[in-house]
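The values are calculated or read from the model by the stated rules, or taken from the named source; none is laboratory data. Note that the structure is predicted; figures quoted are calculated from it, not measured. Glycine also receives a Cβ, built like all others from the backbone with ideal geometry; neighbour counts cover every protein chain displayed.
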Amino acid sequence: MSSKPSISENTPHLLVLGMGGTIAGLAPNPKESPLLYEAGQVGVDALVAQVQSVVPEGVKLISRQIANINSRNLTEAHLVSLGLAVSEALLDADVKGIVITHGTDTIEETGLFLQATCGKLAQTQSKRVILTGAMLPSNVPGADGPSNLLDALRWASTPIDNCPGGIYAVMDGRGCMAMDLAKRHATALNAPLQNAPSSSVGLINPSWLSGVKAVQAAWNEDLPIPKEGEWPWVEILTSHAGARPETIAHWLGSAVQGFVLAGSGQGGFHDDWIEPLGQAMVQGIALVRTTRTGAGTTLPNIPELDPLGCRASGTLTAPRARIALQLALNAAKQANKVGKPLTWQDFFARIANLPEIR
């Protein structure tokens, strides 16, 4: 659906894909209760119309609604729809860049997903895909959505010499690689990229840009997007005081294919989990360790040696590690179908071992 009927999809343009979220939210009583609202109520056409008059001169906008949800309800089917739309647009010569309006609650999952499935394509096509959202609903005083969307549009339309094509995110005047998103604050306007290595949208930091280029140089091949209904079942389990072995044993009779273990400290888990996790690995369930602390790197064989069926997450948070493990399990399955003896660990390592931007 075009945000401006006079613009043809055959005209060079930026494509704005709407996924809903707070940026598209409405508060019944915006002045007195701005945080009491319903997400995903405003169409992406209306969001684009708010900034249409102040976008850079000569930039044409076309918008398309992929979903209009509260992002806490994001599903794998939504990711498939978005991933296919982004892939198609990256291959369309008339699309010069892509902006995605998204809820912040699960924006980190989408950021990792798009990097792992479309990152190389965006790089080779020299186009930027930029995720953005808001922490305040669209009708409250001082709503941050319009400025975030405008920043994203400006960055998407900036000459490629300033920053290479790839998958990025913009919030509160700063930008980062979308794979580094992690919402670690409930209300701060920069919550999704508060802890991410970032740069001012208007003036790209050379050291950050150097890190981006290092990541992109190491990202050689996109992983396939699983078909709807074929996503591997992966659960996140958090280790804590008083953890019980039944927490693991409960799943062993199910069709679950992987666990992401959000461990304490450096990614360790309760001793009472050792035996049932060993049984899980015997059954072929994939294990990835990460930390529940919210920051820092989970290193291999620390604090103890990792068994053969367990893999450290690197800098990936639990939500991102879950998406990475799902994509890795699917990629290994597809590779084995064509006679390539690659394991999920091989594909997971491609994501978890990328250079860290500091």
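Worth a mention:
- Among the residues of the stretch 229-252, none is identified as β-branched (Val, Ile, Thr) and part of a loop (DSSP other than H, G, I, E, B).
- Which listed residue, of 201, 215, is of a type in the set (Val, Ile, Thr), surrounded by 17 or more Cβ atoms within 10 Å (Cβ to Cβ) and modelled with pLDDT of 95 or more: 215
- Some residue of the stretch 166-188 being assigned by TED's automatic domain parsing to the domain that holds residue 87, at pLDDT 95 or above and β-branched (Val, Ile, Thr): yes
- Any chance residue 209 is among the aliphatic types (A, V, I, L, M) and touching a residue at least 40 places away in the same chain (Cβ under 8 Å): yes
- Subset of the stretch 107-153 that is among the basic types (Lys, Arg) and outside any strand (DSSP E or B) - its residue that is farthest from residue 325 (Cα to Cα): 127
- All positions within the stretch 154-193 that are in a loop (DSSP other than H, G, I, E, B) and in contact with a Lys or Arg (Cβ under 6 Å, 6 or more places away or on another chain): 165
- Summed over the stretch 37-48, the residues that are crowded, with 21+ Cβ neighbours inside 10 Å and farther than 28 Å from residue 235 by Cβ give a count of 4.
- Residue count for the stretch 49-82, restricted to those that are more than 30 Å from residue 234 (Cβ to Cβ) and not in a loop (DSSP other than H, G, I, E, B): 9.
- Which listed residue is of a type in the set (Ser, Thr, Tyr), surrounded by fewer than 18 Cβ atoms within 10 Å (Cβ to Cβ) and out of contact with any Phe, Trp or Tyr (no Cβ under 9 Å at 6 or more places or on another chain), from 117, 104, 124: 124
- Residue pairs meeting the criteria (Cβ under 6 Å; at least 6 apart or on separate chains; first under 9 Å from residue 19 (Cα atoms), in the stretch 63-84; second in a helix (DSSP H, G or I)): 65/44; 66/81; 66/82; 66/85; 67/78
- Wholly enclosed strands (runs of 3 or more DSSP E) of the stretch 257-343 bearing at least 3 residues within 23 Å of residue 110 (Cβ to Cβ): 258-263, 286-291
- Enumeration of residues in the stretch 206-228 that are closer than 25 Å to residue 80 by Cβ and assigned to a helix (DSSP H, G or I): 215, 216
- Residue in the stretch 241-250 that is in contact with a strand residue (DSSP E or B) (Cβ under 8 Å, 6 or more places away or on another chain), buried (at least 20 other Cβ atoms within 10 Å of the Cβ) and not assigned by TED's automatic domain parsing to the domain that holds residue 271 present: no
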